[in-house]
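Structure record follows, encoded as structure tokens.
The values are calculated or read from the model by the stated rules, or taken from the named source; none is laboratory data. Just so it is clear, the model here is predicted, and its values are computed rather than measured. Please note: Cβ atoms are built from the backbone with ideal geometry, for glycine as well, and neighbour counts cover all protein chains shown. Side chains included, ligands, DNA and RNA excluded: accessible areas come from the protein's heavy atoms. Shrake-Rupley method; radii C 1.70, N 1.55, O 1.52, S 1.80 Å.
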Amino acid sequence: MSDKSGEQAPETRLIHAVTGPKMATATVGPPIVRGSTVLMPNAASLYDDDQVSYGRGGLVVQRTLCEAIAEMEGAVHCQLFPSGLAAVTGALLAVLKAGDQILVADCAYNPTRRFCDKVLTAYGISVTYFPPRASAEEIFALATPALRMVVMESPGSLTFELQDVDAIARLAHERGVLTMLDNTWGAGLLHKPLAHGVDLSVQALTKYVGGHSDVFMGSVCANDRKLIKALDDAILNFGWSVSPDDAYQALRGLRTLPLRIAHHGESGLKMANWLLDQPQILDVLHPALPHSPDHALWKRDYTGACGLFGIVFQPASDAAVDAFLDALTLFGLGFSWGGFESLAISSGDQLRKRKHHAPLGGPVVRLHIGLEDVEDLKADLRAGFATFDAAR
């Protein structure tokens, strides 16, 4: 309201105080702008698709994070999603339609598998799983004329197999088929899927980019303009958004990612080599170890390793494995990974859901090696092994 003189009433001046004098202060991080409504400069800009007209599409922090991730992954464009799983599902829904077929690595993250089996199939999309170490020719032998996409996860969840990304992408492009790779293990830093011919590089920023187990987020990077448009349309049509506070947390984690992941990788390899010598352990599933069947691919495609790998116990009951886990005090028992803390989980029934069963010889436990002292982590595992032996 205003009085007869045209002067704004106090309550009106208070409401519009947010648009008052600008501050000249500069900070090393972008300002956190919280807002749903975006005030446009004029009427013509209200329906200008080249401008941000609503806060759900992301403001200063979200754009800064997108630009940083795109630069790290060597991408033209990055789109943010509210979780890693949302990034996977959003990328799939952005390009698939009823009647399409997708080929999926059988080592895929269990929630990805659940989405494929329960949602995509319900909407008329055919899902076929291929052995994670199958050659490109063996994979495409499973294709039908309806094949639209090959979905890779390399290294695979729990068992850490690598796929020959270059060969698969090359054959896919020859056939006009899209490729997508879950690059969370590589964190966008250790591996560059787009440089190897992959069309869509997905990662859960919840993991190493966030780095502190306190934010949910995912990203999808692409170079092809049609795919970029499809990703942007997916975000718009599905109504997904990422908060500025979460984006700020992820951007802060990104600043220290190279230092943290180097430490995770170094400690992880120390622990993996030590575990190979423990009598309770039959094998260590880590592509950076020379005995791994995938070591040559890892050397070709990766500049380093993170702290996540699997261990195969000597044959034992599930109860003995549970006893081992329950005896741990420094390793937490929890899903996710990529934070500062060390974690452990059993494979549960996840491996039994796979279509292609490779003999492992014993039960599998996944370890994430955090930033704790390696000797302290060894001591914790020794206590667990003692309990495991007693339970056997």
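Here is the figure for the stretch 53-98: residues that are open to solvent by 50 Å² or more (accessible area, probe 1.4 Å) and either in a helix (DSSP H, G or I) or without any contact (Cβ under 8 Å) to a residue 60 or more places away in the chain (or both) total 11. Consider only pairs whose beta carbons are under 6 Å apart and that are at least six residues apart or on different chains; among these, list those whose first residue lies in the stretch 252-280 and is under 27 Å from Arg392 (Cβ atoms) and whose second residue is among the β-branched types (Val, Ile, Thr). Listed pairs, sorted by first residue: Gly268/Ile369; Lys270/Val374; Met271/Ile369; Ala272/Val284; Leu275/Ile281; Leu275/Val284; Leu275/Ile311; Leu276/Val284. Across the stretch 191-209, what is the number of residues that are farther than 18 Å from Leu92 by Cβ and more than 13 Å from the chain's Cα centre (by Cα)? Count: 4. For the stretch 262-272, the set of residues classified as under 30 Å from Ala390 (Cα atoms) and open to solvent by less than 40 Å² (accessible area, probe 1.4 Å) consists of Ser267, Gly268, Met271, Ala272, listed by residue number. When the stretch 351-364 is filtered for residues that are in contact (Cβ under 8 Å) with a residue 60 or more places away in the chain and open to solvent by 40 Å² or more (accessible area, probe 1.4 Å), the ones remaining, listed by number, are Lys353, Lys355, His356, Ala358, Leu360, Gly361. Residue count for the stretch 199-213 satisfying the condition of being assigned to a loop (DSSP other than H, G, I, E, B), open to solvent by less than 10 Å² (accessible area, probe 1.4 Å) and of a type in the set (Val, Ile, Thr): 1. Scanning the stretch 64-77 for residues that are touching an Asp or Glu at 6+ places or on another chain (Cβ under 9 Å) and closer than 30 Å to Phe160 by Cα turns up at least one hit. Return yes when Asp301 is within 14 Å of Ala386 (Cα to Cα) and of a type in the set (D, E, K, R) and no when it is not. No; evaluated as a whole, the condition is false for this residue. Condition check for Arg392 on (1) farther than 22 Å from Pro155 by Cβ; (2) modelled with pLDDT of 95 or more: one failure, at (2). Restricting attention to the stretch 334-357, the residues that are closer than 13 Å to Leu158 by Cβ and small (Gly, Ala, Ser) add up to 4.
Return yes when His295 is without any contact (Cβ under 8 Å) to a residue 12 or more places away in the chain and open to solvent by less than 60 Å² (accessible area, probe 1.4 Å) and no when it is not. Against the criterion (without any contact (Cβ under 8 Å) to a residue 12 or more places away in the chain and open to solvent by less than 60 Å² (accessible area, probe 1.4 Å)), His295 qualifies. Candidates Leu330, Leu282, Leu275, Leu289: the one that is surrounded by 15 or more Cβ atoms within 10 Å (Cβ to Cβ), at pLDDT 95 or above and part of a helix (DSSP H, G or I) is Leu275. Taken as a whole, the structure leaves Ala146 outside the set of residues that are hydrophobic (A, V, I, L, M, F, W, C), at pLDDT below 95 and over 30 Å from Glu341 (Cα atoms). Comparison of Phe309, Phe324 shows that the only residue that is open to solvent by less than 70 Å² (accessible area, probe 1.4 Å), in a helix (DSSP H, G or I) and not β-branched (Val, Ile, Thr) is Phe324.
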